[in-house]
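One structure is given here, and the rest of the page talks about it.
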């Protein structure tokens with residue numbers, strides 16, 4: 001397991017990122033600490049979160065995930081130098097606490113730094129496009145944060161090829177920092193938005209790619225195979241869209257490849273993303289020790305050309 005360069009940030013990232021969306025949602029603080037310890041002790045070094053996690057939980061307002069990570073870092077000061085903290089700004093936190101204006105970025109970064117209990121965020125990402133704010137304003141705000149050392153690098157999430165291309169043009173013409181990473185949705189089921197023009201652009205520009213929903217919110221674990229399975233977890237409500245002929249075809253191929261490798265479907269699905277052209281590392285979450293061990297195993301699973309071809313055929317639209 002070798003680290004990979006994260007775009008032109010100068011940061012080195014292991015081939016798997018822990019998704020912090022579960023902290024304060026489906027796992028409590030104590031279990032979050034155990035999972036973080038296990039992840040870092042296994043040799044991985046990147047944790048992804050956002051200021052909005054987990055605002056969707058009744059009684060929450062956002063920032064709960066960052067707060068738990070911050071408490072873990074404070075309890076484990078020696079591990080701060082071993083991990084990269086990736087967080088995001090821009091999601092709607094209520095009122096005027098949203099978007100990518102210079103005003104909100106300046107406030108939001110301070111809030112995130114306080115919750116995370118760090119002096120510097122390693123990768124600060126625009127969570128969603130904000131068409132109400134010019135790229136020049138957003139990138140200018142990031143330039144200020146980079147200059148004073150509150151962040152080390154910037155990235156974006158959920159940008160289309162045309163949006164990313166325009167942001168790069170503005171950065172180049174105005175002498176502003178550019179987005180060095182992109183966080184798109186990408187997995188065996190959802191391939192079309194990344195493969196093609198967007199992938200060609202990030203490869204040509206040397207932009208790092210950290211994929212989210214790398215397991216299709218859990219569908220590619222094989223846990224959900226019928227309507228009766230949808231009640232198995234809090235995420236089951238969103239699984240119905242995958243229960244179709246194509247989804248079942250993908251699960252069948254995952255089962256076949258997993259059987260050949262003595263692995264689990266989730267491990268194969270993650271290995272597929274790790275090996276995909278243009279991808280630096282997928283994000284994946286775990287809520288139990290057994291799930292964490294499965295994530296760890298996925299990073300050492302090498303798929304053959306035949307394996308990848310079989311999975312590509314099964315997931316073709």
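Confirm whether residue 18 is in contact with a strand residue (DSSP E or B) (Cβ under 8 Å, 6 or more places away or on another chain), within 23 Å of residue 154 (Cα to Cα) and buried (at least 18 other Cβ atoms within 10 Å of the Cβ).
Yes: the conditions hold for residue 18.
Each row is one residue, and each column tells you yes or no for (1) free of Cβ contacts under 8 Å to residues at least 40 places away in the same chain; (2) in contact with a helix residue (DSSP H, G or I) (Cβ under 8 Å, 6 or more places away or on another chain); (3) within 24 Å of residue 271 (Cα to Cα).
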position: 20; (1), (2), (3): no, yes, yes
position: 28; (1), (2), (3): yes, no, no
position: 51; (1), (2), (3): no, yes, no
position: 65; (1), (2), (3): no, yes, no
position: 75; (1), (2), (3): no, yes, no
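For residue 73, state whether it is in a helix (DSSP H, G or I) and more than 21 Å from residue 144 (Cα to Cα).
Answer is yes for this residue.
Give 218, 175 a once-over and let me know the one that is modelled with pLDDT under 95, out of contact with any helix residue (DSSP H, G or I) (no Cβ under 8 Å at 6 or more places or on another chain) and at positive phi.
218
What tally of residues in the stretch 203-213 results from selecting those that are over 13 Å from residue 21 (Cα atoms), touching a residue at least 12 places away in the same chain (Cβ under 8 Å) and outside any strand (DSSP E or B)?
Final tally of qualifying residues: 4.
Name the residues in the stretch 188-209 that are in contact with a helix residue (DSSP H, G or I) (Cβ under 6 Å, 6 or more places away or on another chain) and more than 24 Å from residue 11 (Cα to Cα), would you?
Listed by number, the residues that qualify are 188, 189, 197.
Within the stretch 101-129, track down each residue that is surrounded by 21 or more Cβ atoms within 10 Å (Cβ to Cβ) and in contact (Cβ under 8 Å) with a residue 40 or more places away in the chain.
Of everything in the stretch 101-129, those that are surrounded by 21 or more Cβ atoms within 10 Å (Cβ to Cβ) and in contact (Cβ under 8 Å) with a residue 40 or more places away in the chain turn out to be 105, 108, 109, 112, 115, 116, 123, 125, 126, 127.
Sort through 251, 303 and tell me the only one that's in contact (Cβ under 8 Å) with a residue 40 or more places away in the chain and at negative phi.
303
Among residues belonging to the stretch 225-259 that are surrounded by fewer than 21 Cβ atoms within 10 Å (Cβ to Cβ) and within 23 Å of residue 210 (Cβ to Cβ), point out the one that is modelled with the highest pLDDT.
Checking each candidate, the answer is 242.
Looking at the stretch 160-179 only, could you name the residues that are outside any helix (DSSP H, G or I) and surrounded by fewer than 21 Cβ atoms within 10 Å (Cβ to Cβ)?
Once the filter is applied, which keeps residues that are outside any helix (DSSP H, G or I) and surrounded by fewer than 21 Cβ atoms within 10 Å (Cβ to Cβ), the stretch 160-179 yields 160, 175, 176, 177.
Got at least one residue in the stretch 250-258 being assigned to a loop (DSSP other than H, G, I, E, B) and out of contact with any strand residue (DSSP E or B) (no Cβ under 6 Å at 6 or more places or on another chain)?
no
Quick check on residue 122: is it within 15 Å of residue 9 (Cβ to Cβ) and under 20 Å from the mean Cα position of the chain (by Cα)?
It is true that residue 122 is within 15 Å of residue 9 (Cβ to Cβ) and under 20 Å from the mean Cα position of the chain (by Cα).
Which of the residues spanning the stretch 278-291 are crowded, with 21+ Cβ neighbours inside 10 Å and outside any loop (DSSP other than H, G, I, E, B)?
281, 282, 283, 284
Out of all the residues in the stretch 181-196, is one or more over 30 Å from residue 139 (Cβ atoms), in a loop (DSSP other than H, G, I, E, B), under 21 Å from the mean Cα position of the chain (by Cα) and at pLDDT 95 or above?
Among the residues of the stretch 181-196, at least one is over 30 Å from residue 139 (Cβ atoms), in a loop (DSSP other than H, G, I, E, B), under 21 Å from the mean Cα position of the chain (by Cα) and at pLDDT 95 or above, which makes the answer yes.
Checking the condition in contact with a strand residue (DSSP E or B) (Cβ under 7 Å, 6 or more places away or on another chain), within 22 Å of residue 184 (Cα to Cα) and surrounded by 18 or more Cβ atoms within 10 Å (Cβ to Cβ), which residue from 54, 157 passes?
When all the criteria are applied, what remains is 157.
Would you confirm whether any residue within the stretch 260-277 is more than 17 Å from residue 192 (Cβ to Cβ), assigned to a loop (DSSP other than H, G, I, E, B), in contact with a strand residue (DSSP E or B) (Cβ under 6 Å, 6 or more places away or on another chain) and modelled with pLDDT of 95 or more?
So far as the stretch 260-277 goes, no, none of its residues is more than 17 Å from residue 192 (Cβ to Cβ), assigned to a loop (DSSP other than H, G, I, E, B), in contact with a strand residue (DSSP E or B) (Cβ under 6 Å, 6 or more places away or on another chain) and modelled with pLDDT of 95 or more.
The values are calculated or read from the model by the stated rules, or taken from the named source; none is laboratory data. Given the structure is predicted, the values throughout are model-derived calculations rather than measurements. Don't worry about glycine lacking a Cβ; one is built from the backbone with ideal geometry, like all the others, and counts go over all protein chains shown.
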